[in-house]
Amino acid sequence: MNPVSIYPVPGLPEVARGAALDRLIVDGLTRLGLVLEAADVIVVTQKIVSKAEGRVRSLGDVQPSAQATEIGHRIGFDPRHVEVILAESVRIVREAPRVLITETRHGFVCANAGVDRSNTGGQDLMVLLPEDPDGSAGRLRRGLEAITGTRAGVVISDSFGRPWREGQVNVAIGAAGVVALRDYRGDQDPDGYRLQGTELGVVDELASAAELVMGKLDRVPVALIRGAEAAGEGTVRALLRNPATDLFR
């Protein structure tokens, strides 16, 4: 059992489309006197990845449909925001005042399809989830390796609410170079009981741990986790539950 250390990486500038996140992260680590190591995991907030990829929409460019207008009036939401949410979704799961729970095209079930209007860089801007978060993590990993020569892991995180519990937690929406699930099924505990259904969502644990040093309003979009022993080749797609075994669908 090794200790785990988590380092916030502050001081990144406002990220715009085309920004070289790999270089910004390495420069941030250098300012802290840190050198990337092979077993490290870099956790990056979804928002800066989306901004760098140009996944930003302006409300002024959106023409709401009749459906978006109807839903917006019903839940007290800007119909233009609703229109973008619908475009990013395959179905509406639930609706309530000021929120839509939808399933995104990636397969995530979350509030407002992950379309966020906070910390966007402008009051009328919306930041959407990356088109392919696992692919985004892979590209960032390769970029970091090209600069540093080190194959560290990368996790892209976002804040999700949870059924039956108050409070949001950071979860992984994209990953590369890390274990996604750690499967203990079939292993025996110290008393000889054979585990039946124990699978740990390692990438989600890494994302949540990193949020402890990132904060929500502190403008710290990157953290380095050292000592987690989570190297592997998993993707977040592996965490999406099969509808056939989803008891809550």
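The values are calculated or read from the model by the stated rules, or taken from the named source; none is laboratory data. Just so we're clear, the structure is a prediction, and the values are computed from it rather than from any experiment. Here the Cβ positions follow ideal geometry from the backbone for every residue, glycine too, while neighbour counts run over all protein chains shown. Only protein heavy atoms, including side chains, enter the accessible area calculation; ligands, DNA and RNA are left aside. Shrake-Rupley method; radii C 1.70, N 1.55, O 1.52, S 1.80 Å.
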Exclusive hit being at pLDDT below 90, among the acidic types (Asp, Glu) and under 30 Å from residue 8 (Cβ atoms), set 211, 229 = 229
inquiry  = Please return the ranges of helices (runs of 4 or more DSSP H) entirely within the range 34-130 where 2 or more residues are under 16 Å from the mean Cα position of the chain (by Cα).
reply    = 46-52
query = Looking only at the range 232-245, which residues are hydrophobic (A, V, I, L, M, F, W, C) and under 18 Å from the mean Cα position of the chain (by Cα)?
reply = 236, 238, 239, 240
inquiry  = For the range 135-182, give me each residue that is open to solvent by 30 Å² or more (accessible area, probe 1.4 Å), touching a residue at least 60 places away in the same chain (Cβ under 8 Å) and either farther than 24 Å from residue 200 by Cβ or assigned to a strand (DSSP E or B) (or both).
reply    = 146, 147, 148
ask   = What are the residues in the range 154-183 that are of a type in the set (Phe, Trp, Tyr) and either modelled with pLDDT under 90 or within 15 Å of residue 40 (Cα to Cα) (or both), if any?
value = 164
task = Write out, first by first residue and then by second, each pair whose Cβ atoms fall under 6 Å of each other, whose residues are 6+ apart or on separate chains, and whose first residue, in the range 22-45, is closer than 16 Å to residue 175 by Cα while the second is part of a loop (DSSP other than H, G, I, E, B) and of a type in the set (Val, Ile, Thr).
result = 38/150
request  = Looking only at the range 39-62, decide whether some residue is open to solvent by 40 Å² or more (accessible area, probe 1.4 Å) and polar (S, T, N, Q).
outcome  = no
task = Six or more apart or on different chains, Cβ under 7 Å: which pairs go from a residue in the range 234-249 that's free of Cβ contacts under 8 Å to residues at least 40 places away in the same chain and in a helix (DSSP H, G or I) to one that's open to solvent by 60 Å² or more (accessible area, probe 1.4 Å) and basic (Lys, Arg)? Could you list them?
result = 243/249
